[in-house]
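The structure appears below as structure tokens.
The values are calculated or read from the model by the stated rules, or taken from the named source; none is laboratory data. No experiment lies behind these values; they were computed from the predicted model shown. Because the Cβ atoms are built from the backbone with ideal geometry, glycine has one as well, and the counts that use them run over all protein chains shown. To get the accessible areas, we keep the full protein, side chains included, count just its heavy atoms, and leave off ligands, DNA and RNA. Shrake-Rupley method; radii C 1.70, N 1.55, O 1.52, S 1.80 Å.
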Amino acid sequence: MDLNAVRTFVAVADAGQFQKAAIDLSLTQQAVSKRVAALERELDVRLLTRTPRGAELTIDGQAFLAHARSLLQAEERARASVRPGSRALRVDVIGRRASLAGLLRDFHRARPEIALDVVTLPGAEEAIAALRDGTIDATFRAVTMPGQKIPDGIEVSPVHDEPLHLFTGPAHPFAGAAAVAPAQLAGHRIWMPGNVPGTEWTAYYEAMAAEFGLTIEATGPNFGVEALIDTIAASSTLATFLGAQTPLVWPAGYEMRLIPLRDPTPVYPHSLLWHADNPHPALTALREHLTSVHHDLPAGETWAPAWARRGA
């Protein structure tokens, strides 16, 4: 259905005259008549009747008018949904419980007037493709993993080098340690069922395992954070790695341990990626917010894979 014809019909119905509607629409009276006639042919009914005083709605015109207004309102909502400054800023994070999701929550608290749409894509390759085709406006990723090249037009800004902690239950041999060196974990079971082959976080932990002689197990189905906490809480041998700012809550009595890694401190390098031609005004606001956030650097030496772009 031609929405211009629908808009013309509504204008005539509101004005009560073809001539007045033509003036309101900046059209000729002949053009207004042609649009209404085309709409009547499409619907196969008469919508308006000419009278000495102008134009009156027929019974069918009265029935159609409310629906015509709804069509025009739907058109405006559709346009507004993609209008710069009106559409929600779509941002990809690795996980809604990851630390970067927390940074987005802080941004939302600081700028509640900016609508956010938070999505989770499988890996950096999918996220970069989504940036290029405009499906998302920004993504948080570790770049660049081996074999990956950032395409032309994609901008990258480091935002946070997040220190890693060892996460154990109360019966683990390192449960009472104030800190642990990565090399001390050789021979211990590090369980990370969420590590998916081909993703940048799996590439990171593979590089970490090679650097410090670790064995990282990705066996078994990934039932989520709650199941991981349950399993590690009950185990004297399993541990995993978590970012220092990863928000977690576990049941009372679990007595879980988050133990800093030192000498060196492995840091996960988070960067913000976006398309250079993206016009969304809220993207600038997000970047400025992330730049203003201060992160204390861990004391002593840090480590990240040679391929990872490092934050400041």
| query | So what are the range 127-273's ellipsoid semi-axes, whole angstrom, largest first, if each one is the square root of 5 times an eigenvalue of the alpha-carbon gyration tensor? | reply | 30, 17, 14
| request: With the convex hull built on the Cα atoms of the range 59-138, state its orientation-averaged projected area in nm². | output: 7.5 nm²
| Using Cα atoms only, what is the angle between the long axis of helix 281-292 and the major principal axis of the chain, expressed in degrees (0 to 90) to the nearest 10? | 20 degrees
| field | Solvent-accessible area per residue for the chain (1.4 angstrom probe, square angstrom) | value | 51 Å²
| said: I want the local charge near E206. Using Cβ-Cβ distances under 14 Å, sum +1 for each Lys or Arg and -1 for each Asp or Glu among the other residues. | reply: -3
| said: Would you calculate the convex hull of the Cα atoms in the range 219-312 and tell me its volume per residue in Å³? | reply: 196 Å³
| Quick one: if you stick a label point 7 Å off each Cα along the C-beta vector at E217 and T231, how many nm between them? | 0.8 nm
| request: Provide the per-residue ³J(HN,Hα) series for the range 26-31, in order, calculated from phi with Karplus coefficients 6.51, -1.76, 1.60 and θ = phi - 60°, each as a whole number of Hz, with x at glycine and proline positions. | output: 6, 10, 7, 5, 4, 5
| Any idea what angle helix 124-133 forms with the longest principal axis of the chain, computed on alpha-carbon atoms, 0 to 90 degrees, nearest 10? | 20 degrees
| Which value, in nm² and rounded to one decimal, describes the direction-averaged projected area of the C-alpha convex hull of the range 105-176? | 8.2 nm²
| query | For the pair A129 and A252, how long in nm is the line joining their label points, each one 7 Å along Cα→Cβ? | reply | 4.8 nm
| request: At 4 °C and 1.567 mPa s, grab the translational diffusion coefficient of the range 1-116 from Stokes-Einstein with a Kirkwood Rh over Cα pairs, rounded to a whole number in µm² per second. | output: 76 µm²/s
| query | How are the Cα pair distances of the chain distributed, in percent, across 10 Å bins from 0? | reply | 5, 21, 22, 15, 11, 9, 9, 7, 2, 0
| message | So, R0 is 51 Å and r is the distance between the beta-carbons of R96 and Q29; what FRET efficiency does that work out to, to 0.05? | response | 0.35
| query | Quick one: helix 99-110 against the long Cα principal axis of the chain, what's the angle to the nearest 10°, folded into 0 to 90? | reply | 50 degrees
| request: Would you please state which residues of the range 118-142 a label at D277 would reach in this model, taking the label point 7 Å out along Cα→Cβ and a backbone N cut-off of under 11 Å? | output: 132-134
| said: Please compute the length gained on full extension between A306 and A210, using 0.36 nm multiplied by the number of residues separating them and subtracting their Cα-Cα distance. | reply: 33.3 nm
| Which residues' amide hydrogens lie under 5 Å from the amide hydrogen of V119, considering only partners 5 or more residues apart or on another chain, with H built in the peptide plane? | V91, D92, V93
| query | Taking R0 as 41 Å, what's the FRET efficiency between F174 and A110 from their Cβ-Cβ distance, rounded to 0.05? | reply | 0.65
